[in-house]
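Notes to accompany the following structure.
The values are calculated or read from the model by the stated rules, or taken from the named source; none is laboratory data. Computed from a predicted structure; not experimentally measured. Virtual Cβ from ideal backbone geometry, glycine too; neighbours counted across all protein chains shown.
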């Protein structure tokens, strides 16, 4: 008898191999999704950091000002905003000093000062008020003149109220006359002779803005002289 031939068995694919390939196929889209998520996280963090850096520099710009080579820092005390000099100098008595403004430096920058380049630092300085005017201005006048006198004294100069004096034809001293006008400005009217024109009246005026403009100009020149002396 002939023996029946056994049918050939089809080769069976390894289950392990199939399952491994299917897993690898599944991993591809998962990996792509993870990369997308990581990329989004990276972009989000970068964006947040840029925003934070921008806000930091913006706040710094709002709190720090530069005017006439002087750095000012904003400082709020109670209800009053001050702009304090961070650029200090050596006073005539050997101590470091600076000053405070109540007027924003950018506002002072826009106050005209005619022939400001001719302003000189003099040992003797006098001032007077327009006749029959007090320049009290709700107490601002007292603050303004006290601050102005202090900065002159720190720089080794005197500032004296002398209504009986006036401008010196030879310009041997500075003389300032405070008077009211339509707009706040400082202008030279003679050799080392200046009108400090103040907008307002005795009840309310811009005496702080006008005198602080002069303070910055005087201090800036003092710094320049000190720098020149230190390099020679």
Residue count for region 186-196, restricted to those that are over 14 Å from residue 126 (Cα atoms), under 30 Å from the mean Cα position of the chain (by Cα) and surrounded by fewer than 22 Cβ atoms within 10 Å (Cβ to Cβ): 2
Quick one: would you say residue 158 is closer than 18 Å to residue 97 by Cα, free of Cβ contacts under 8 Å to residues at least 60 places away in the same chain and surrounded by fewer than 18 Cβ atoms within 10 Å (Cβ to Cβ)? yes
One residue is enough: does region 205-224 have a residue meeting the conditions modelled with pLDDT of 95 or more and assigned to a loop (DSSP other than H, G, I, E, B)? yes
For residues that are more than 17 Å from the chain's Cα centre (by Cα), in a strand (DSSP E or B) and either at pLDDT below 95 or more than 25 Å from residue 230 (Cβ to Cβ) (or both), tally how many sit in region 98-133. 7
Run residue 165 past the list (1) under 25 Å from residue 226 (Cβ atoms); (2) touching a strand residue (DSSP E or B) at 6+ places or on another chain (Cβ under 7 Å) and report the number of the one that doesn't hold. (1)
Within region 91-121, track down each residue that is surrounded by 15 or more Cβ atoms within 10 Å (Cβ to Cβ) and either without any contact (Cβ under 8 Å) to a residue 40 or more places away in the chain or touching a strand residue (DSSP E or B) at 6+ places or on another chain (Cβ under 7 Å) (or both). 91, 97, 98, 99, 100, 101, 102, 104, 105, 108, 111, 113
